[in-house]
Amino acid sequence: MEGLIKEELIKRRGYIATLEAGYRFFTDNFKTIIKHLWPYALIFGVVLGIYEIVQLNTAISGGEDLSDVAGTLIMLPILFIAIFLLDGRMLMLFNDKPFKWNVIRYIKLFLWLMLIMTVLTLIAGSIIAVSAVGASDDAGAGIIRAGALSILVFIALLIIVFLPYVYPAMKYLVEPQTHFRNLIFKGWKKGFKHWGYIFITVLLLYLCIMVISLIISIPLAVCTVAQNLSVSGVLEGDASGMPSYFSIIFFIVAVLTFFVYAFVNVFSFAVSYYMYGNIEAYEREKEQQLQPIEPATDEAPENTIY
């Protein structure tokens with residue numbers, strides 16, 4: 001995409017330097033990012049706002065209203081479509097491919113990562129089943145222990161298996177010539193060699209994101225807590241203390257919250273972008289070092305007398 005200020009991508013960077021490069025990309029191109037993304041960020045915010053309203057109504061009805069359950073099932077695919085459109089538009093900031101190409105590329109990557117997540121979930125679930133069967137003497141305690149163990153195993157597998165995919169996933173998204181088959185094993189293997197760098201950088205990134213998200217979500221959290229307290233009172237027989245227009249307020253706050261969060265995601269993606277650039281620089285340097293050194297040729301004429 002033209003008009004963007006970008007630092008050199010294929011360059012060796014440390015943990016902090018990677019975060020700083022992502023931050024500078026976001027701040028130096030802030031106006032361009034806003035102009036480029038705001039319609040899709042607004043759609044994303046509206047869809048999530050409606051989804052939150054549906055969840056709010058479900059909480060009020062105690063999950064007994066089938067229309068609320070149906071609303072949730074209807075909203076889920078719409079929510080995924082909004083995410084695909086937003087992230088496909090965002091990818092245009094990092095490569096020169098058209099919107100449709102980026103959306104399709106992102107969907108393929110998303111489905112592959114969801115497949116891995118499903119496999120990890122099945123592994124963790126099998127641990128619960130096996131542990132629960134072996135704990136027949138105290139079934140309740142056995143299930144609790146099995147559940148805790150499965151959660152720990154799931155988190156460990158998630159960290160070990162998912163983190164290396166940061167490198168091949170970004171390579172697949174920003175390099176058009178990269179084939180999907182290179183993502184599955186070869187790219188993951190390269191990413192795994194840089195697991196420590198990825199882990200520390202992602203940890204620092206999400207500490208920053210947690211702080212930013214905490215600040216952004218304060219208004220929505222206040223509305224959610226107030227509504228939950230009201231619902232608890234209604235379930236105990238008290239009258240609801242919420243005004244009739246509370247749902248409108250809740251919806252507006254939710255839309256604004258998720259609208260802003262869509263732009264925070266650009267910062268996160270930019271850090272991953274430069275993380276990929278660092279690993280790619282390292283891999284290219286290593287390949288050059290492994291190339292055989294050609295012997296020097298004697299350029300002196302054959303009849304030269306020494």
- In Å and whole numbers, how far do the C-alpha atoms of segment 241-293 stretch along each principal axis, longest first? 79, 15, 8
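Based on alpha-carbon atoms only, what is the radius of gyration of segment 185-286 relative to the globular estimate 2.2 N^0.38 Å?
Relative to the 2.2 N^0.38 Å estimate, segment 185-286 comes out at 1.68.
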- Take segment 1-115, compute every pairwise Cα distance, and split them into 5 Å bins from 0; I just need the percent in each bin. 2, 10, 15, 15, 16, 15, 11, 7, 5, 3, 1, 0
- Item | Set of lysines with alpha-carbon distance to residue 193 below 24 Å, sequence-local pairs under 8 removed | 11, 171, 286
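None of the figures in this text is laboratory data; all of them are computed from the coordinates on show. Only a predicted model underlies this, so the values are computations on that prediction, with no experimental measurement involved.
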